Amino acid sequence: MFKGKYIVVEGIDGTGKSTLIAGLKRELEKRGASVVTLVEPTKGPWGQKIRKHLGDKARELSGEQWLDLFENDRRENMEQYVRPALASGKCVIQDRSFYSTAAYQGAQGIDMETILKRNRSFAVEPDMVLILDLDPAEAIERIRTKRTMQTDAFEQVDYLEKVRANFRAFMGKNIAHIDASEPQEKVLEAALEALG
């Protein structure tokens, strides 16, 4: 049922994407799926450049420069990991995709439709996009109380309000919005229901 499916989990940091992905992987493997989990930015050369700039230097880059970095990283991810995994019948669950790029760089003033069009010219369209929705103030509080995460230059409440609004604007038959303020089990249940 999930053979060769591409599932993306989206939302601002602190919404529980990693937790949901771990739960989905566990549940889909119980159902017999062979699951690969991926993340953007990747650990490749472009992803490392992105991570290097996510700290204090983030403000030195324009929205267009961020867009170029993310697109280069995504091209490598598509060619090296996503397409081969899907072609071999694996279910790919990925943390972030071009929907994040559109939401975040859209909040920096770049037209979201332009971003989506550019990325759809080379990237695989997900079979399902699960967007975790959470108030930015609560998301930042979660980040601050979780020792494994640090806030970066994109994690400012006013900016995240714009990003959240952009995520909420995404609609389509392959998009499900999930209330991330619910307990983890409920979020997983809602995600599995959306996947069918």
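Which members of the range 1-20 meet the condition of being closer than 24 Å to E161 by Cα and at pLDDT 95 or above? Scanning the range 1-20 gives V8, V9, E10, G11, I12, T15, G16, K17, S18, T19, L20.
Pairs meeting the criteria (first residue in the range 19-36 and closer than 18 Å to D95 by Cα and touching a residue at least 12 places away in the same chain (Cβ under 8 Å), second residue of a type in the set (G, A, S) and part of a loop (DSSP other than H, G, I, E, B), beta carbons under 8 Å, at least 6 apart or on different chains) are S34/G89. Here E141 fulfils each of the conditions (1) closer than 23 Å to D158 by Cα; (2) crowded, with 18+ Cβ neighbours inside 10 Å; (3) out of contact with any strand residue (DSSP E or B) (no Cβ under 7 Å at 6 or more places or on another chain) apart from (2). Cβ separations smaller than 6 Å between residues 6+ apart or across chains give the following pairs from the range 99-112 residues that are closer than 13 Å to F167 by Cβ to residues that are assigned to a helix (DSSP H, G or I) and basic (K, R): A107/K162. Restricting the first member to the range 151-165 and to residues that are under 15 Å from E138 (Cβ atoms), and the second to residues that are surrounded by fewer than 16 Cβ atoms within 10 Å (Cβ to Cβ) and modelled with pLDDT under 95, the beta-carbon pairs closer than 8 Å and six or more apart or on different chains are T151/R144; V157/A137.
Test L28 against the stated conditions and say whether it is within 21 Å of L192 (Cα to Cα), in a helix (DSSP H, G or I) and touching a Cys at 6+ places or on another chain (Cβ under 8 Å). Against the criterion (within 21 Å of L192 (Cα to Cα), in a helix (DSSP H, G or I) and touching a Cys at 6+ places or on another chain (Cβ under 8 Å)), L28 qualifies.
Of all the numbered requirements in (1) of a type outside the set (S, T, N, Q); (2) within 22 Å of F170 (Cβ to Cβ); (3) out of contact with any Gly (no Cβ under 8 Å at 6 or more places or on another chain), I110 misses one, and that requirement is (3). Among the residues of the range 166-183, are any crowded, with 19+ Cβ neighbours inside 10 Å and more than 25 Å from E125 (Cβ to Cβ)? No, because not a single residue in the range 166-183 is crowded, with 19+ Cβ neighbours inside 10 Å and more than 25 Å from E125 (Cβ to Cβ). Can you name the residue in the range 35-85 that is among the acidic types (D, E) and assigned to a helix (DSSP H, G or I) and is also surrounded by the most Cβ atoms within 10 Å (Cβ to Cβ) among such residues? Residue satisfying both the conditions and the ranking: D73.
Specify the residue that is surrounded by the fewest Cβ atoms within 10 Å (Cβ to Cβ); the eligible residues are those in the range 87-103 that are farther than 24 Å from L188 by Cβ and out of contact with any Lys or Arg (no Cβ under 9 Å at 6 or more places or on another chain). Only one residue tops the list, namely A87. Identify the residue in the range 14-34 that is crowded, with 20+ Cβ neighbours inside 10 Å and under 17 Å from the mean Cα position of the chain (by Cα) and, among all such residues, is nearest to R142 (Cα to Cα). So the residue we want is G14.
The values are calculated or read from the model by the stated rules, or taken from the named source; none is laboratory data. Treat the numbers as computed from the prediction; the structure is a model and nothing was measured. Backbone-built Cβ (ideal geometry, glycine too); neighbour counts: all protein chains shown.
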